[in-house]
Each structure stands twice: as C-alpha cells, then as structure tokens.
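Okay, structure first, notes after.
The values are calculated or read from the model by the stated rules, or taken from the named source; none is laboratory data. Worth saying up front: this structure is predicted, and the values here are computed from it rather than measured. Neighbour counts are summed over all protein chains in view; Cβ atoms, including those assigned to glycine, are modelled from backbone coordinates with ideal geometry. Ligands, DNA and RNA are excluded from the accessible area calculation, which covers all protein heavy atoms including side chains. Shrake-Rupley method; radii C 1.70, N 1.55, O 1.52, S 1.80 Å.
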Amino acid sequence: MHPTEVFDIVAHGRKTGLLFVTGGGIERIFGFQDGDLVFGFSTALGEAEDAREAVLGLVRVAGAGTFIFLAGPASAIPHAVYRQNVQEVVLDALRRLDEGAVAANG
C-alpha cells in the first residue's frame, strides 16, 4: 500500500490517533485529530520534528515498510503543528517531488 493511500484512509475516515511507519531503517510517527495532521516526527536527518518534511520523506521513498495506526482520544495525541489537512500536505509533497524531478532533469 502506498503511503498516500494510508493518509487518504486516515483523512476520509476522520481518524484520531497515531500512525507509526517504519521502513528503510527510518521510523516516522504522525498524529491525527479528526483526519487532520497535528504531529509528525522522523528519525531521518532533515525531517526530525518537521511534519511536512516527514510526509515528504515518506512519500519520496514509497517503498516497502510497515505501518500501524493506534486510535486514541484527541487528548492523548501530541500537537506540535497547527491542524493541517493531510490531503493538502500530501499533495504539496507530491508537487515538491515533481518539481525536484523536473529540476534534476532540467
């Protein structure tokens, strides 16, 4: 399953909880409230505590990995960023990847 599909399921299901993703030796965690992204952390350099960069990193690799979603109350979810529509964040990541590919092929 592609990471964008997982984010889509969370968004459309208006899920609240934590999404843990591991793959390629990198661990990422995302917090959601009613389907909106409110937290992101990654063990990858350059992504660390930047939720948008963590989403970009995950979409960039889009390879084999595992994920688990733990539903929980909103009060248990850390909030490190203002609520963001996860679909907009994913579309922004895809746009940034596309622009990077165009610039590299130049």
Measure nothing but the geometry: give the 0 to 90° angle between the long axis through the Cα atoms of 3-12 and the longest principal axis through the Cα atoms of the chain, rounded to 10°. 40
Part-to-part distance (alpha-carbon centres) for segment 39-53 and segment 70-94, which is given in Å: 13
Between Arg96 and Thr66, what is the label-point separation in nm under the 7 Å Cα-to-beta-carbon projection? 2.8
Taking the Cβ of Phe41 as the center, what net charge do the other residues with Cβ under 13 Å away carry, scoring Lys and Arg +1 and Asp and Glu -1? -3
May I ask for the angle, rounded to the nearest 10°, between helix 51-61 and the longest principal axis of the chain, with both axes built from Cα atoms and the value confined to 0 to 90°? 50
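State, as an integer percentage, the relative contact order of the chain based on alpha-carbon contacts under 8 Å between residues 6 or more apart. Before the final figure, lay out the partial values.
Numbers: 185 pairs, mean separation 32.1, N = 106.
RCO, the chain: 30 percent.
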Of the candidate values (i) 14.7; (ii) 7.8; (iii) 6.4, the one computed for mean projected area of the Cα convex hull in nm² from this structure is (iii)
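Just from its helices, what would the mean residue ellipticity at 222 nm be for the chain, if runs of 4 or more DSSP H residues each count -39500 (n - 2.57) and the sum is divided by every residue, rounded to the nearest 500 deg cm²/dmol? Don't skip to the answer; put the middle values down first.
Values: 3 runs with 41 residues, N = 106.
That comes out to -12500 deg cm²/dmol.
What is the percent carbon and sulfur in the accessible area of the chain, measuring with a 1.4 Å probe over the protein chains and ignoring ligands?
Values: 3380 of 5950 Å².
The value for the chain is 57 percent carbon and sulfur by accessible area.
Which value, in Å², gives the accessible area per residue of the chain when a 1.4 Å probe is used on the protein heavy atoms?
On the way: 5950 Å² over 106 residues.
Roughly 56 Å² per residue, with all protein chains present.
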